[in-house]
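Engineer: Structure incoming, see below.
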């Protein structure tokens, strides 16, 4: 394990007018690990992600990337650092094929003309490295893909563009059992290839299946950041619902 | 991945059809049916070389406006002003030629610039102010009708006699040039297809089976060479007075823009981004595409193409009047794009759709006139064909939604 976290948030605070949404939030994302970000609705997960991705600017606290303090003022800054956020409503164009989607906005050209062959080779290689074999042809429009396949394409896009921290917002929320397993497998492989992965999920099975660490938010504060091996299912649920754990149930 | 075969490709194509990806198929089948009907009812006139050549001249304006509209429709927008826009551009050219005595080398570029400026203004209104394109271009439709009337001083008919301009949509190539054009066209297509095939095979990518590549080339040759043969037949009514043979000049003009437009949409970053914005604006924006700039650009392209349509119709009529580009020209043009297979919902369309759809519209118009049917029947029938095409589009969309995801 690396000595410093890839991305570290310290004492992040954010309020919208009189409403303080985040208070003294800390989060560490280590390379090669999946950090699950859990919390009830309204706990501040999305606001935190927006602070990381440059959509919101935090009012307080510091953000460290690779151990250096950085300020993320816009989505462009985040992308520049290599932070990629994959939202639920996948940012794919249905009418374009897999290769076209993976290179959208960053097309490779050869003398002003799109270099389809090179793009196809690179896309194919990226998918192979993630052991994604479920897509029959790279040249089919993504509208023909299943929900799970679409997620894997979106993840592969992040890998292709050498993202270092990938934040997945509820990647399995709309998927069936088999497809969920397929996506989680890719998420795991993503971390194994050295990226820092943040997985936002409500599903404890998913969290325990792939995560190395769990960060729980409770009413805008960090309730805990723990190793997955140190906690039980029930304790995490307790962290989410009451902000504390370990003491309740057992006599102290 | 398995080795591609012709059979496998056909199966994929069939799967695509069933999934709602019909492309140009309905239009091509429709065109064949129409030709059979009119050919058997009025074979001696409809199938004559004279009429065949005439179809190209007749359809030029609609095809050009429709080619421009494909760009706009790809974004899911519409340009209702393209018809009168083409009329205004045609009038600008005619007035510069006659009233100001300027040569065509000035008048034609001026008309084209007028088109580009019109398009940029429309595009800015849609992109920057966020007015729906339907409303912006409806206002422009009324406005341009007025501009045309004003330019023509309340309704005069400006006749032009510039030889070059009138030859554009009336003249023909020599027989030798016609054959050169046909052979060069087929050879060029073959070269592009074979080089692409070889390039993909050399890099170990999945390529079309060679049989299919050859079939496409032979198919194009089987279409172009007999057509050229017909067009090089003598078609003057009285050969003692004059001789009329050769491919109409407007054919290479249309083909040139067909090739350029297809290239832009399929092989350039701009074209890729047009498709992306039409498919999912949000995804395009997140990918860093300047969505507004794409919007303005497609309107500029549409009005530019409409200006060429205007130049060609003025060339054909040798004059411009307050209704040039009016009446049903715009509706026929939108109809041409949609009948050809371009979706009204955005994200799906090709330049060739404008040409095939334009052919369907003109064959209906031309064939029904030869059958001696009145305008009322023609409009009803054309309306039904457009409705059928729009239904195919909407049903294909539903099917695609049902089969994907």
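FYI, it's all coordinate maths here, none of it is from the lab. Predicted, not measured: the structure shown is a model, and the values here were computed from it. Note that each Cβ is placed from the backbone with ideal geometry, even for glycine, and that neighbours are counted across all protein chains shown.
Engineer: Assign one of three labels to chain B, namely rounded, prolate or oblate, based on the Cα gyration tensor with a ≥ b ≥ c the square roots of its eigenvalues; rounded applies when a/c is under 1.5, prolate when it is not and a/b is larger than b/c, and oblate otherwise.
Structural biologist: The shape class here is oblate.
Engineer: Report the per residue volume, in Å³, of the convex hull enclosing the C-alpha atoms of the range A:7-242. Don't skip to the answer; put the middle values down first.
Structural biologist: Numbers: hull volume 30.3 nm³, N = 236.
Once divided by residue count, the hull of the range A:7-242 is 128 Å³.
Engineer: Can you grab the distance from the C-alpha centre of the range A:109-139 to the C-alpha centre of the range A:179-244, Å, no decimals?
Structural biologist: 32
Engineer: Helix A:147-160 sits at what angle to the longest principal axis of chain A, using alpha carbons and giving 0 to 90 degrees rounded to 10?
Structural biologist: 90
Engineer: To make sure I understand, if each residue's beta carbon is the centre and we count other beta carbons within 10 Å, what order do B:307, B:315, A:211 fall in, fewest to most?
Structural biologist: Ordered by Cβ neighbours within 10 Å, fewest first: A:211, B:315, B:307.
Engineer: Arrange the following residues from fewest to most other Cβ atoms within 10 Å of their Cβ: A:229, B:269, A:152, B:342.
Structural biologist: Taking fewest neighbouring Cβ atoms as first place, the list is A:229, B:269, A:152, B:342.
Engineer: May I pose another question? Which whole number in µm²/s is D for the protein assembly as shown by Stokes-Einstein, with the Kirkwood Rh taken over Cα pairs at 37 °C and 0.692 mPa s?
Structural biologist: The diffusion coefficient I find is 117 µm²/s.
Engineer: For chain A, set up a GNM with springs between Cα atoms under 10 Å and report which of A:78, A:181, A:136 has the largest fluctuation.
Structural biologist: Sorting by GNM fluctuation, first place goes to A:136.
Engineer: Still on this structure, please answer the following. Taking the mean number of other Cβ atoms within 10 Å as a proxy for protection, how do you rank B:98-104, B:324-330 from highest to lowest?
Structural biologist: By packing density, highest mean first, the sequence is B:324-330, B:98-104.
Engineer: Over the range A:7-242, what is the relative contact order in whole percent, taking alpha-carbon pairs under 8 Å and six or more residues apart?
Structural biologist: 29
Engineer: Share of antiparallel DSSP beta bridges in chain A, in percent to the nearest 5? Numbers along the way, then the final one.
Structural biologist: Values: 24 of 42 bridges.
Rounded to the nearest five, the antiparallel share is 55 percent.
Engineer: Here's a follow-up. Please give the average number of partner chain Cβ atoms lying within 10 Å of the Cβ of each residue in A:141-152, rounded to a whole number.
Structural biologist: Mean partner shielding for this stretch: 3.
Engineer: In what sequence do B:332, B:13 fall when counting other Cβ within 10 Å, fewest first?
Structural biologist: B:13, B:332
Engineer: Another question, then. By its C-alpha gyration tensor, with a ≥ b ≥ c as the square roots of the eigenvalues, how is the range B:19-82 shaped: rounded for a/c under 1.5, else prolate for a/b larger than b/c, else oblate?
Structural biologist: Since a/c reaches 1.5 but b/c is at least a/b, the shape of the range B:19-82 is classed as oblate.
Engineer: Here's another thing I want to ask about it. Per residue of the protein assembly as shown, what 222 nm ellipticity follows from adding -39500 (n - 2.57) for every DSSP H run with n ≥ 4, rounded to the nearest 500?
Structural biologist: -19000 deg cm²/dmol
Engineer: Specify the inter-centroid distance of the range A:152-176 and the range B:40-92, based on alpha-carbon positions, in whole Å.
Structural biologist: The range A:152-176 and the range B:40-92 have Cα centres separated by 46 Å.
Engineer: Ranked highest first by the average count of other Cβ atoms within 10 Å around their residues, in what order do A:49-59, A:195-205 fall? Walk me through the numbers before you get to the answer.
Structural biologist: On the way: A:49-59: 18.8, A:195-205: 21.7.
Put in order of decreasing packing, that is A:195-205, A:49-59.
Engineer: Right, next: When a/c reaches 1.5 or more, the comparison of a/b and b/c decides; with that in mind, is the range A:125-206 rounded, prolate or oblate per its Cα gyration tensor?
Structural biologist: Oblate, since a/c reaches 1.5 and b/c is not below a/b.
Engineer: Peptides B:71-79, B:198-206: what's the order by average Cβ count within 10 Å, highest mean first?
Structural biologist: Numbers: B:71-79: 26.2, B:198-206: 13.2.
Highest mean packing first, the order is B:71-79, B:198-206.
Engineer: Nearest-5 percent of antiparallel DSSP beta bridges in the protein assembly as shown? Don't skip to the end; give the middle numbers.
Structural biologist: Working: 27 of 45 bridges.
The antiparallel fraction comes to roughly 60 percent.
Engineer: How many Cβ atoms of partner chains, on average, are near each residue of A:129-136 if near means within 10 Å of its Cβ?
Structural biologist: On the way: counts 0, 0, 0, 0, 1, 0, 1, 3.
Taking all residues of A:129-136 together, the mean is 1.
Engineer: Counting partner chain Cβ atoms within 10 Å of every residue's Cβ in B:281-290, what's the average?
Structural biologist: Numbers: counts 1, 5, 11, 5, 2, 7, 10, 6, 2, 1.
Mean inter-chain Cβ contacts per residue within 10 Å come to 5.
Engineer: Among A:114, A:168, A:64, determine the one that fluctuates most according to a GNM of chain A built with springs between C-alpha atoms less than 10 Å apart.
Structural biologist: Of the options given, A:114 has the highest mean-square fluctuation.
Engineer: Could you identify which residue out of A:150, A:76, A:213 has the top mean-square fluctuation in a GNM of chain A using Cα springs shorter than 10 Å?
Structural biologist: Largest GNM mean-square fluctuation: A:76.
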